[in-house]
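Student: Quick one: structure below, then a few questions.
The values are calculated or read from the model by the stated rules, or taken from the named source; none is laboratory data. None of these values were measured; they are calculated from a predicted model. Cβ atoms come from the backbone with ideal geometry, glycine included; neighbour counts cover every protein chain shown. Only protein heavy atoms, including side chains, enter the accessible area calculation; ligands, DNA and RNA are left aside. Shrake-Rupley method; radii C 1.70, N 1.55, O 1.52, S 1.80 Å.
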Amino acid sequence: MAIEQTLSIIKPDAVAKNLIGEIYSRFEKNQLHIIATKMLRLTREQAEEFYAVHAGRSFYSKLTNFMSSGPIIVQVLEGEDAISRHRAIMGATCPKDAAPGTIRRDLAFDPSNPECHDNAVHGSDSTENAQKEIDFFFRPDEIFPRTG
Ligand code: IDP
Ligand code: MG
């Protein structure tokens, strides 16, 4: 097991629903330490750049419109196997497919909403992407590792 850092986002839907504290509590209860944090609102262009890997997908326009629709909270999480453990507590991409107990199922599932994009949280999916995504939002002097 390795100590990793990963980039996490609380998306506009979850900020609007006042779920910041609930989500941070789940991180901390799962030994994912918050070592950098800030609130900001992405422009449409910044959302398109962040999700450039999905350019051309059917959901790209809706996704980037949604991600620039309101404030988000971005954080760097640190811990043992932080990348995969963060994604495990997030749950499957679409809230309707996510397992009970996960953030996306518990906090983003709405039976009347068939969409997948407003799913409360983002998490990096690899060490390479984690580093790229951390660099997208944070300068090195804004990150406070504490692996002890
Ligand atoms: P992930 O967030 O679980 O890693 P990705 O496949 O990387 O999922 O997709 C990025 C984001 O794009 C998702 O979190 C979700 O907001 C949105 N998205 C993915 N698939 C769909 C879809 O089929 N319909 C609508 N939005 C989607
Ligand atoms: Mg992804």
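Student: Regarding segment 4-148, what whole-number volume in Å³ per residue does the convex hull of its Cα atoms give?
Tutor: Expressed per residue, the convex hull around the Cα atoms of segment 4-148 is 103 Å³.
Student: Set Lys and Arg Cβ to +1 and Asp and Glu Cβ to -1, take the dipole of the chain about its Cα centre, and tell me which of Ser126, Ser61, Ser112 lies farthest positive.
Tutor: Ser112
Student: Roughly how many nanometres apart are two label points built 7 Å out from the Cα toward the Cβ at Arg146 and Asp110?
Tutor: If labels sit at Arg146 and Asp110, their model points lie 3.6 nm apart.
Student: Oh, and also: Determine the order of Ser58, Ser69, Ser8, Ser126 by accessible area, beginning with the largest, at a probe radius of 1.4 Å.
Tutor: Result, largest first: Ser58, Ser69, Ser126, Ser8.
Student: Go from 0 up to the bin containing the longest alpha carbon distance in segment 19-73, width 5 Å each, and give me the % of pairs per bin.
Tutor: Cα pair-distance distribution for segment 19-73, in percent: 4, 18, 21, 16, 16, 17, 8, 0.
Student: How large is the accessible surface per residue of the chain, computed with a 1.4 Å probe and reported in Å² as a whole number?
Tutor: On the way: 7620 Å² over 148 residues.
Roughly 52 Å² per residue, with all protein chains present.
Student: Report the calculated FRET efficiency for Lys96 and Arg57 (r = Cβ-Cβ distance, R0 = 25 Å), to the nearest 0.05. Numbers along the way, then the final one.
Tutor: Details: r = 19 Å, r/R0 = 0.75.
Rounded to the nearest 0.05, the efficiency is 0.85.
Student: Whenever you get a sec, compute what percent of the accessible area on the chain sits on carbon and sulfur atoms (1.4 Å probe). The partial results should precede the final answer.
Tutor: Values: 3960 of 7620 Å².
C and S fraction of accessible area: 52 percent.
Student: Could I ask something else about it? Just to verify a number: what accessible area does Arg57 come out at with the full protein assembly present, 1.4 Å probe, Å² rounded to tens?
Tutor: Solvent-accessible area, nearest 10 Å²: 120 Å².
Student: Points 7 angstrom from Cα along the Cβ direction at Arg139 and Asn65: gap in nanometres?
Tutor: With each label point 7 Å from Cα toward Cβ, the separation is 3.6 nm.
Student: Using a 7 Å offset from Cα along Cα-Cβ at Glu80, what residues in segment 22-47 end up with backbone N under 16 Å from the label point?
Tutor: Answer for segment 22-47: 28-33.
Student: Related question: Tell me, what is the 1.4 Å probe accessible area of Lys96, in Å² to the nearest 10?
Tutor: The accessible area comes out at roughly 110 Å².
Student: What dipole magnitude, in Debye to the nearest 20, does the chain give about its Cα centre under +1 on Lys/Arg Cβ and -1 on Asp/Glu Cβ? Write down the numbers at each step before the final one.
Tutor: Values: 17 positive and 21 negative charges, 67 e Å.
Here the chain has a charge dipole of around 320 debye.
Student: Say the dipole of the chain comes from +1 at the beta carbon of Lys and Arg and -1 at that of Asp and Glu; which of Gln5, Thr37, Asn18 then lies farthest toward its positive end?
Tutor: Asn18
Student: May I pose another question? In whole Hz and in residue order, list the ³J(HN,Hα) couplings for segment 51-66 that follow from phi through the Karplus curve 6.51 cos²θ - 1.76 cosθ + 1.60, θ = phi - 60°; x for Gly and Pro.
Tutor: Going residue by residue, I get 9, 4, 4, 9, 4, x, 6, 4, 9, 4, 5, 4, 5, 6, 5, 4 Hz, with x marking Gly and Pro.
Student: Name the residues whose placed amide hydrogens come within less than 5 Å of the amide hydrogen of Ala98, ignoring near sequence neighbours (fewer than 5 apart) on the same chain.
Tutor: Ala92
Student: Apply the Karplus parameterisation 6.51 cos²θ - 1.76 cosθ + 1.60, with θ equal to phi minus 60°, to every residue of segment 103-114 and state each ³J(HN,Hα) to the nearest whole Hz, in sequence, with x for glycine and proline.
Tutor: 4, 5, 6, 6, 10, 10, 6, 9, x, 8, 10, x
Student: Would you mind checking which residues have amide H under 5 Å from Glu80's amide H? H placed 1.01 Å from N; only 5 or more apart, or other chain.
Tutor: Those qualifying (amide H under 5 Å, at least 5 residues apart or on another chain) are Glu4.
Student: In whole Hz, what ³J(HN,Hα) sequence does segment 4-12 give by Karplus (6.51, -1.76, 1.60; θ = phi - 60°), x for Gly and Pro?
Tutor: Whole-Hz 3J(HN,Hα) from phi for segment 4-12: 10, 10, 9, 9, 10, 10, 8, 6, x.
Student: If you don't mind, another one. Can you tell me which of Glu115, Glu45, Glu80 moves the most in a GNM of the chain? Springs connect C-alpha atoms under 10 Å apart.
Tutor: The residue with the greatest mean-square fluctuation here is Glu45.
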